[in-house]
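Please read the structure below before turning to the comments.
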Amino acid sequence: MAQSANRSFRYLLGLFGLLVLAGTRPAAAELQLLALVATDGAVALACERGQCAADFSAFCLQAERRAPEPGETYRLLGGESVRLTGVTADGGLLSLPAADLLRVNVLRTHVSVRLAVPEERVRALGVVRLEVEVGEDATLLPLADDRAPHAGAPADGLRQAGARLVDRNREVMAAARLTQRLINALPEGRETAAQRDRVWQAAAAPFAGASQDAGAELARRTHDRCRDASAAGLFAGMRSCLESLHDAMLGDLNKAYWDALKTGS
C-alpha cells in the first residue's frame, strides 16, 4: 500500500513538473497576463509578520509570452471584479478600493498568487479583518509592463474564454478552490497533528456543499493523500503537498485552455 501511494505521488509530481515546464517555454520579453480565478465566497486575509495575506488560484492567459518568476509583482486590471471588504471591531463592513490596496505577487508558478495588504495599512483603515472575494473576470497585469499595458491585447476576450473553460469547471476547478482554502488554513512548514486532523472540517467542509459532488470528492481525496503523506514525513508539511497538487490541477486546466484557444473551441 505504501509503495502504491509513493508511486501515485511520484506520478502526480512528475505531471506537475511537466506542466510547469510547459508554462515557462516562451522566451518573449513581455510577461503573461494572468487570470485571477473566481472564489466560492469571501476569503479572509490572515495577518502575521507585518502583512495580511492569503493565496489565490490563477492561470496564464497568454502562453506565447514569458511566464513570471516567483515574487514578480502584478496589479489588478481595473479592479471592479475583486471586492475588498474591511470588517470593523463592532461588525461593520467597509467597501475598500481593491486595486489601490492589494499587492499581488506570484508564488511558485503562474497558477498561484498572493494578495496582501501591509498590516500597518489595515490598522490605519480602522478595521480588524479584511476579506477578498474574486469575480469571474478578474485579470492581473504585470507591474513591470505598467507603462505599456499590453496595447492591443484582447484581454477581455481571453478572460471570458478563461471563465468558461477554467473558472466554471465543475470538477477540477471546484476541487482546486477547496484545496486552496485548505492551503490558507495551514501553516507554512510542519503542522501539528491536531491541525492536520481538523483542517478539512474547519476550512473546506463549510464550502464543500456549494461545489459539485465530483469536485468535493476530488478535493477530499487530495486532502486525504496529503494528510497521510505529511504524517509519513514524505513532504515538508501538509501545506507543501497540497500546494503541489493544487498547482498540478491548475496546470492541467491551463493547458486545456491554451489548447482550446489554438483550435478555436
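Positive end of the charge dipole of the range 56-127 (Lys, Arg +1 and Asp, Glu -1 on Cβ, about the Cα centre): tell me which of Gly86, Thr73, Ala124 has its Cα farthest that way. Checking the options against the dipole of the range 56-127, the answer is Thr73. Provide the FRET efficiency to the nearest 0.05 for the Ala231-Thr88 pair, computing r from the beta carbons and using R0 = 41 Å. After rounding to 0.05, the efficiency reads 0.55. When both the range 72-135 and the range 184-248 are represented by their alpha-carbon centers, they are found 24 Å apart. For the range 61-140, a simple Cβ point-charge model (Lys and Arg +1, Asp and Glu -1, everything else neutral) yields a dipole of about 260 debye relative to the Cα centre. With 0.36 nm allotted per residue and the present C-alpha distance subtracted, the Lys262-Arg190 stretch has 21.7 nm of extension available.
Classify the range 8-263 as rounded, prolate or oblate, taking a ≥ b ≥ c as the square roots of the eigenvalues of its Cα gyration tensor: rounded when a/c is under 1.5, otherwise prolate if a/b is larger than b/c and oblate if not. Oblate, because a/c is 1.5 or more while a/b does not exceed b/c. Each Lys and Arg contributes +1 and each Asp and Glu -1, all at the Cβ; summed about the Cα centre of the range 8-263, the dipole is approximately 460 debye.
Any read-out appearing in this document is the output of simple, stated calculations on the displayed coordinates, not a laboratory observation. For clarity, every value in this text was computed on a predicted model and none was experimentally measured. No Cβ is skipped: glycine too gets one built from the backbone with ideal geometry, and neighbour counts run over all protein chains shown.
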